[in-house]
Every structure is written in C-alpha cells, then in structure tokens.
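These notes concern the structure reproduced below.
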Amino acid sequence: MWPKAWKLNKVDSKDQIALERLPRHIAIIMDGNGRWAKKRALPRSMGHRAGVEALRKVVKTCSNLGIEVLTVYAFSTENWSRPKDEVGVLMTLLTEYLRKELQELHENNVVIRAIGGINDLPQEAQRELDNSIKRTRNNTGLILNLALNYGGRSEIIDAVKKISKDVLNGKQQIEDIDEGRFSNALFTRGLPDPDLMIRTSGEMRLSNFLLWQLAYTEIVVIEELWPDFGEKALLAAIITYQKRDRRFGGIHTD
C-alpha cells in the first residue's frame, strides 16, 4: 500500500523539473508487458501483473507533482483478439486494481474516470469501475482516466453519430460545427488535450490511441518496457517535454 502522504525525492522533483511548466495532461501507451515476461521466461500474466505495479508508481508520482490528468491505454478495442485466457487475466487485474487501490486513491484525492466501450466489459469489471467512479467523483486531485475497450477511430465515429443526430433533430446547425463542438462529442469532453504522450517499449506508432486529441501533443518514446517504468523514467520524460519548443504550427518571433 502507498504511504498516506505521497512525496517525491526533492532532487528529482524540484532541482531537475520546472514545476511551473508541468504538462497538464499526460497520456501513456503502456507497452511491453509480454516482452518483459518473455525476457524472464515468465508467463505473460506475470508481465501484466508487473505492469499494474508500474501504474501504481506513475499514478503516485503524477499525483505528487500536481498533474491534472493521466490517461492510460489500459485495454484497446483490438485487445479482444488476444487469447481468451489473456483477456481474462487483463479483466481480472482491472477488477483487482480498482478493488484494492480504491481506498488509497480516494484518500489521496484521485478522481477515477473511464473512456471507451465500458458496457462491453465483463459485469464484475463494470461494477468495480462504476463504484470507483462514484466514490471519487467529488475529489479534486489527479484525474486517472482509464482507456478501456477504447479505440480512437471508433471514438471519432461515435462523435460523428452524436453530432449527426443533433443536426437531424434540429438541435444543432451544420454551420455551427467546429473543433470545440466536435471535441465535446468525444469521450474526453471536458478534459484538456494531452500535452505529453509517452509510449514505452520503443514502438513508433499511436496504436489507435487518442487520434483527435494528440494533434499537437509532444510525443516521447522510450525503450524501457512498461513494467520497468517508474518515477525516474516519468520524470525524465517530463524533463524531455519541458525542453521542447511547442509552437502549435506557428513560429516564435523572439
């Protein structure tokens, strides 16, 4: 269990990171659990369990730093094609994580949210998720946004359908549709777009993750496999982000 007061090492947090220029929203593609297990001649399930521990460390660090939103790619729409027993392990781990960590998350002011096709998850996972969301909804700290049964393309299609229905019902005019209205039709409505997206395991692809929201996000890809990812790796990624020159398509004149 985490200690009641989460504190970062002062050298790591204050001497190397500009606390006034932290990313508001960090998104992470947690990749490499299977490879981590294979390197150690372990079953893939052990890699996923090690990945849960890495998530605990990252949530703790983000909360301590004052990050507003952490979105993690926990289960994609494509993950259903994995072997049935592996999918079962992933769903069990989700349920266990929510059940075991909820009290600690709640005590540390974390808000739990979820995006994706939640209604297609197993009933037990849905119940734990619903309970976690309700229990933490009035908290004011880090928003832990779990992408579950999520796919960027399906999210965009879903948004188009929502807007189309509003137009057909006379609730919205086609001429009034802009980026803001479209963003409000997405699962992430009300949240800022990610400033920093981290992908572990060295893979150079988005894997259908937050395709609309990542338009101007700074991307950091690291070789480290997800179970090996922790506080120091996260801080290093944030330092890399802070060294970037974010122009959003424009130029700096100074």
Roughly what would the spin-label model give for residue 130 and residue 87, points 7 Å off Cα along C-beta, in nm? 2.1
Suppose we look only past 28 Å in the calculated P(r) of segment 74-224. What percent of the Cα-Cα pairs does that tail hold? 28
Flagged links, alpha-carbon separation over 18 Å, of 57/100; 134/162; 39/60; 100/134; 57/243: 134/162; 39/60; 57/243
Using the Karplus curve 6.51 cos²θ - 1.76 cosθ + 1.60 with θ = phi - 60°, work out ³J(HN,Hα) for each residue of segment 223-236 in order, rounded to whole Hz, and write x for Gly and Pro. 6, 4, 6, 3, x, 8, 7, x, 4, 5, 5, 5, 4, 5
Bins of 10 Å from zero: percent of alpha-carbon pairs in the chain: 7, 29, 36, 21, 7, 1
Whole angstrom only: what separates the Cα centroid of segment 52-103 from the Cα centroid of segment 144-196? 24
Write down, largest first, the equivalent ellipsoid semi-axes of segment 199-243 in whole Å, where each equals the square root of 5 times an eigenvalue of the alpha-carbon gyration tensor. 19, 14, 8
Could you give the radius of gyration (one decimal) and Dmax (whole number) of the Cα atoms in segment 152-191, in Å? 9.8, 27
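Ranked from highest to lowest mean number of other Cβ atoms within 10 Å per residue, what is the order of the peptides 37-44, 145-152, 229-236?
Per-residue mean Cβ counts within 10 Å order the peptides as 145-152, 229-236, 37-44.
Read-outs throughout are calculated quantities, based only on the coordinates presented, and are distinct from any laboratory measurement. These numbers were taken from a predicted model, which means no experiment stands behind them. All Cβ positions, glycine included, derive from the backbone under ideal geometry; neighbour counts span all protein chains shown.
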